[in-house]
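Trainee: Submitted below is the structure of interest, expressed as structure tokens.
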Amino acid sequence: MLGPRIWASVQQGLSRGLSRNVKGWASGEGRKVDIAGVYPPVTTPFTATAEVDYGKLEENLYKMGTIPFRGAVGGVCALANVLGAQVCQLERLCLTGQWEAAQKLQHRLIEPNSAVTRRFGIPGLKKTMDWFGYYGGPCRAPLQELSSAEEEALHMNFSSNGWL
């Protein structure tokens with residue numbers, strides 16, 4: 001990952017490149033530099049106590065979502081902690097061009113994924129890991145365990161899509 005000083009110099013260079021023409025044509029009739037596909041890497045932010053700052057990570061990802069790029073590699077795959085085989089299967093289906101099967105599987109994964117990444121976060125992921133036979137463990141402060149109503153809603157997110 002690029003450090004802040006290095007990234008600042010890269011940004012500066014890209015900005016200069018946008019205002020210059022390619023091939024050095026002084027007339028200004030050259031092609032402009034196309035940086036629509038160049039975007040900075042997202043690093044994992046940490047708090048002062050060396051914990052992952054998930055709020056800042058989410059904020060960074062939302063900011064990145066506003067940049068017009070042509071594609072991305074990678075992701076935040078919390079769901080892979082409990083449905084790893086299914087997440088890998090989705091990738092295999094895409095790589096082999098089995099788009100209808102991939103879409104069907106993706107639609108079954110959307111609701112549970114949203115539940116453990118957005119709606120219930122880490123407490124939801126930990127509870128789900130327990131349900132699938134993994135060790136989710138207790139939440140560290142300041143996170144709280146799920147209430148019984150939240151746990152029931154989380155269970156519905158997985159059972160309504162056939163995972164529990």
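The values are calculated or read from the model by the stated rules, or taken from the named source; none is laboratory data. This one's a predicted model, so the numbers in the text were calculated from it and none came from an experiment. Every residue, glycine among them, receives a Cβ derived from its backbone with ideal geometry; neighbour counts consider all protein chains shown. Remember, those area values only see protein heavy atoms, side chains included, never the ligands or the DNA or RNA. Shrake-Rupley method; radii C 1.70, N 1.55, O 1.52, S 1.80 Å.
Trainee: Which of the residues that make up region 84-97 are surrounded by 13 or more Cβ atoms within 10 Å (Cβ to Cβ) and of a type in the set (A, V, I, L, M, F, W, C)?
Mentor: Listed by number, the residues that qualify are Val87, Leu90, Leu93, Cys94.
Residue by residue, here is whether (1) within 21 Å of Glu51 (Cβ to Cβ); (2) open to solvent by 80 Å² or more (accessible area, probe 1.4 Å); (3) in contact with a Gly (Cβ under 8 Å, 6 or more places away or on another chain) holds:
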site	(1), (2), (3)
Val82	no, no, no
Trp99	no, yes, no
Gln106	no, yes, no
Ala115	no, no, yes
Pro123	yes, no, no
Met129	yes, no, yes
Phe132	no, no, no
Ala141	yes, yes, no
Glu150	no, no, yes
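Trainee: Name the residue that is surrounded by the most Cβ atoms within 10 Å (Cβ to Cβ), counting only residues in region 45-80 that are at pLDDT 75 or above and polar (S, T, N, Q).
Mentor: If we take residues in region 45-80 being at pLDDT 75 or above and polar (S, T, N, Q), then Asn60 is surrounded by the most Cβ atoms within 10 Å (Cβ to Cβ).
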